[in-house]
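> Attaching a single structure in structure tokens format; questions to follow.
The values are calculated or read from the model by the stated rules, or taken from the named source; none is laboratory data. Values in this document were obtained by computation on a predicted structure and should not be read as measured data. All Cβ positions, glycine included, derive from the backbone under ideal geometry; neighbour counts span all protein chains shown. With ligands, DNA and RNA removed, areas are computed over all heavy atoms of the protein, side chains included. Shrake-Rupley method; radii C 1.70, N 1.55, O 1.52, S 1.80 Å.
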Amino acid sequence: MVMSRMDPIAPPREGDLMTATAVKPTRDEPKIRAKGVSVFYGDKQALFDVSLDMAEKTVTALIGPSGCGKSTFLRSINRMNDTIEGARVIGEIEIDGENINDRSIDPVLLRARVGMVFQKPNPFPKSIFDNVAYGAKIHGLASSKKEMEEIVEQSLERAGLWNEVKDRLHQPGTSLSGGQQQRLVIARAIAVSPEIILMDEPCSALDPIATAKIEELIDELRSNYCIVIVTHSMAQAARVSQRTAFFHLGKLVEAGETEMIFTNPRDSRTQDYITGRFG
Amino acid sequence: MTEHTVRSFSADLEDLSGDLARMGGLAEDMLSDAIQAIATRDLALADTVVARDPQIDNLQVEAEKKILRLLALRQPLARDLRQTISALKIAAELERIGDLAKNIAKRAKVLDTIGPIAALKGVARMGKLVGTQLKQVLDAYSAQEADVAGKVWARDEEVDEHYQSLFREVVTYMIEDPRTISACAHLLFVAKNLERIGDHCTNIAEEIHFLVTGEQLPTERPKVDALNSN
């Protein structure tokens, strides 16, 4: 896999693929394709035979009650489940037609392509600058100090944080407010030029204004990335996503256009969940 | 349908359905009394119809307030959302039906001053038909049955045909005896009001279909045009 590029911030372009074996994506092909994915934690099966396509330049929201498997599914997209003792994933997850569970795939490089943002902002105990520069540094994305400064500035700019932090880049990342920290973490994720951004309840620890800023950011990032977001807020799923998938008891119950899911879902379980009748 | 986890949400929706049922009941009674007032020249009954109209208007205002509150505080989704939005539209349809029934009742006074005319029977028959349409569409709403609503929707053609033949009949009377023109003109307005009530019933039927299935009925229904068929 070749990681270095002329402009490390540029979104992935067609013909700018990271692996030689990857199939060139066309408009119709999904960015991520899950086929019959099941996940076991020891003897316990957490996810049952989930097949779901997630498109380029689209926000896909995963919704469902606690323990429904939506986070487990999200974590299988960048092989985060590998880090859990006793976790086993069967089925296939393809990114641009390439199976990410293939032996030849280095999970560290995979996670550079597939960035992740967690529920609680988790900035490193370093300066704002170093937080954003960290990933770019370990992946060798910048060849000079100036290039690194460009990466940091552009990433913070894209995360909508640049104007708020440009005069204090060397203060600790933890000195920022919760909402700013979450945007810092998003800046850190996009600094390594990922193709996909996974978000696991990115706003659940934030106030409504900070939430609105993140949602606005998600909408902007959508033009360049494939975004998959797990959220407990139905209203948030409705606001930010174009497609929604509803999980229940480890199974994918229904997936479709967000508008359809929230106005006229096909399955009665989806109906009951989104109208607040169980969950 | 199962209860909401937040039970007051279910209670709010039921409360709204209650308002709509009261409006529907009022509209139904007003319509049948207006027809009866015309057919039997019962002016006192006609007056009560006119006097009842503000009740429907007030209920509509109340229902709209509740719907606004539901949208703002509960953010209903899926079927709940469709139920809320269709209640808003159906309340407006029922309010219009109330107005039209009131207009029919008002004409009872004018028709009372002129001699008996044969066309009155035709109007009474049409009134009965429209009354049945209204009753059935309201039943379909309270039972939330898209099939029944669909039947009402399809049967509006019959109302239109009735209107068309009544129109021809009344015009014939006018030609035969110009002294009846004034009365006949009033009768035509009554018939037109009934035809409009029929249209409001089909609008309600369309809302019920949307509420239950999440899909729209086709916008075009076969129409009989009284203007072109003469």
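> What percent does the relative contact order of chain A come to when contacts are Cα pairs within less than 8 Å and at least six residues apart?
Result for chain A is 26 percent.
> Right, something else. If each DSSP helix of 4+ residues adds -39,500 (n - 2.57) and the sum is divided by the residues in the protein assembly as shown, what number results at 222 nm, nearest 500 deg cm²/dmol?
-18500 deg cm²/dmol
> Determine how large the accessible area of B:Tyr173 is when every protein chain is in place; take a 1.4 Å probe and give Å² rounded to the nearest 10.
B:Tyr173 has an accessible surface of roughly 60 Å² with all protein chains in place.
> Based on Cα coordinates alone, diagonalise the gyration tensor for the stretch B:7-213, multiply each eigenvalue by 5, take square roots, and list the semi-axes in whole Å, largest first.
The three semi-axes for the stretch B:7-213 are 36, 18, 11 Å.
> Under a plain spin-label model, where a point goes 7 Å from the Cα along Cα-to-Cβ, how far apart in nm are B:Lys89 and A:Tyr134?
Each label point lies 7 Å from its Cα, and together they span 5.3 nm.
> Work out the FRET efficiency for A:His170 and A:Asp219 from their Cβ-Cβ distance, taking R0 = 30 Å, and round it to the nearest 0.05.
After rounding, the FRET efficiency stands at 0.45.
> Same structure again: Of the DSSP beta bridges with both residues in the protein assembly as shown, give the percent that are antiparallel, rounding to the nearest 5.
60
> Moving on. Could you rank the peptides A:261-269, B:5-13 by their average count of other C-beta atoms within 10 Å per residue, with the highest value first?
Output ranking for A:261-269, B:5-13: A:261-269, B:5-13.
> Students often forget the sequence filter, so: which lysines lie under 19 Å Cα-Cα from A:Lys166 once same-chain residues fewer than 8 apart are removed?
Hits, sequence-local ones excluded: A:Lys126, A:Lys145, A:Lys146, A:Lys213.
> Give me the inter-chain shielding for A:262-274: mean count of other chain Cβ atoms within 10 Å, whole number please.
4
> Next up: Once a ≥ b ≥ c are taken as the square roots of the eigenvalues of the Cα gyration tensor of the stretch A:202-270, is the result rounded (a/c under 1.5), prolate (a/b larger than b/c) or oblate (a/b not larger than b/c)?
Cα axes put the stretch A:202-270 in the prolate bin.
> A further question follows. Could you tell me which of B:Ser182, B:Gln144, B:Gly198 has its Cα farthest along the dipole of the stretch B:130-223 towards the positive end, charges placed at Cβ (Lys, Arg +1; Asp, Glu -1), taken about the Cα centre?
Of the listed residues, the answer is B:Ser182.
> If each of A:Lys146 and B:Gln55 carries a label point 7 Å out from its Cα toward its Cβ, how far apart are those two points in nm?
Distance between label points: 8.5 nm.
> Could you give each residue of the stretch A:57-70 its phi-based ³J(HN,Hα) in whole Hz, using Karplus coefficients 6.51, -1.76, 1.60 with θ = phi - 60°, and x for Gly or Pro?
Residue by residue, the stretch A:57-70 yields 6, 9, 9, 10, 9, 9, 10, x, x, 3, x, 7, x, 5 Hz.
> I've got another one for you. Projecting each Cα onto the charge dipole of the protein assembly as shown (Lys/Arg +1, Asp/Glu -1 at the beta carbon, about the Cα centre), which of B:Ser32, A:Gly250, B:Phe167 comes out farthest on the positive side?
A:Gly250
> Which residues' amide hydrogens lie under 5 Å from the amide hydrogen of A:His248, considering only partners 5 or more residues apart or on another chain, with H built in the peptide plane?
Distant-sequence amide H within range of A:His248: A:Val253.
> Could you give the size of the charge dipole of the stretch A:62-115 about its Cα centre, using +1 on the Cβ of each K and R and -1 on the Cβ of each D and E, expressed in debye and rounded to the nearest 20?
240
> Something else now. Just the accessible area for A:Lys120, please: 1.4 Å probe, Å², rounded to the nearest 10?
Spelled out: A:Lys120, probe radius 1.4 Å, area about 150 Å².
> Which lysines does B:Lys66 reach when only Cα atoms under 29 Å apart count, and residues fewer than 8 places away in its own chain are ignored?
Straight-distance partners of B:Lys66: B:Lys89, B:Lys102, B:Lys135.
> Please list B:Leu100, B:Leu45 in order of solvent-accessible area, largest first, computed with a 1.4 Å probe with all protein chains present.
B:Leu45, B:Leu100
> Within chain B, which is the longest segment that contains none of the GluC sites (Glu not before Pro) sitting in a DSSP loop with at most 16 other Cβ atoms within 10 Å?
Longest run free of exposed loop sites: B:4-144.
> Would you please give the residues with an amide H less than 5 Å from that of A:Tyr225, counting only those at least 5 places away or on a separate chain, with H modeled from the backbone geometry?
Under 5 Å from the amide H of A:Tyr225: A:Lys57.
> Same structure, new question: Between A:Ser268 and B:Lys65, take the C-beta separation as r, use R0 = 35 Å, and let me know the FRET efficiency to the nearest 0.05.
0.65
> Mind checking which of B:Val123, B:Val110, B:Val50 has the largest fluctuation in a GNM of chain B, springs on alpha carbons under 10 Å?
Largest GNM mean-square fluctuation: B:Val110.
> Then there's this: Using amide H atoms built 1.01 Å from N in the peptide plane, name the residues 5+ places from A:Ala87, or on other chains, whose amide H lies under 5 Å from its own.
Long-range HN contacts for A:Ala87: A:Gly42.
> Mind checking B:69-80 for the average number of partner chain beta-carbons within 10 Å of each residue's beta-carbon?
Partner-chain Cβ atoms within 10 Å, mean over residues of B:69-80: 4.
> Connecting C-alpha atoms closer than 10 Å in a GNM of chain A, tell me which of A:Pro208, A:Pro30, A:Pro65 has the biggest fluctuation.
Of A:Pro208, A:Pro30, A:Pro65, the most mobile in the Gaussian network model is A:Pro208.
> Let me ask another. Of the options A:Ala187, A:Ile261, A:Thr72, report the single residue whose Cα projects farthest towards the positive end of the charge dipole of chain A (beta-carbon charges: Lys, Arg +1; Asp, Glu -1).
Result: A:Thr72.
> If you place +1 on the Cβ of every Lys and Arg and -1 on the Cβ of every Asp and Glu, how big does the dipole about the Cα centre of the stretch B:126-230 come out, in debye to the nearest 20?
360
> For the stretch B:166-179, just list the computed ³J(HN,Hα) in residue order, Karplus coefficients 6.51, -1.76 and 1.60, θ = phi - 60°, integers in Hz, with x standing in for Gly and Pro.
4, 4, 4, 4, 5, 4, 4, 4, 4, 5, 5, 9, x, 5
> Something else now. Counting residues in the protein assembly as shown as N, plug N into 2.2 N^0.38 Å and put the Cα Rg over that result.
1.38
> Right, next: Rolling a 1.4 angstrom probe over the protein chains, ignoring ligands and nucleic acids, what is the accessible area of A:Cys68 in square angstrom, nearest 10?
Spelled out: A:Cys68, probe radius 1.4 Å, area about 0 Å².
> Per-residue mean of other chain beta-carbon atoms within 10 angstrom of the beta-carbon, peptide B:81-93?
Other-chain Cβ atoms within 10 Å of each residue's Cβ, averaged: 1.
> Right, next: When chain A is treated as a GNM, springs tying every alpha-carbon pair under 10 Å, which of A:Ile77, A:Ile218, A:Ile209 comes out with the largest mean-square fluctuation?
Comparing A:Ile77, A:Ile218, A:Ile209 in a Gaussian network model of chain A, the most mobile one is A:Ile209.
> Just want to confirm a number: the relative contact order over chain B, from Cα pairs under 8 angstrom separated by 6+ residues, in percent.
With pairs under 8 Å counted, the relative contact order is 25 percent.
> Going by a ≥ b ≥ c, the root eigenvalues of the Cα gyration tensor, does the stretch A:121-228 fall in the rounded group (a/c under 1.5), the prolate group (a/b larger than b/c) or the oblate group?
oblate
> Return the sequence-ordered ³J(HN,Hα) values of the stretch B:6-18 in whole Hz as given by the Karplus equation 6.51 cos²θ - 1.76 cosθ + 1.60 applied to θ = phi - 60°, using x for Gly and Pro.
Rounded to whole hertz, the list is 8, 5, 5, 5, 4, 4, 4, 5, 5, 4, 5, 4, x.
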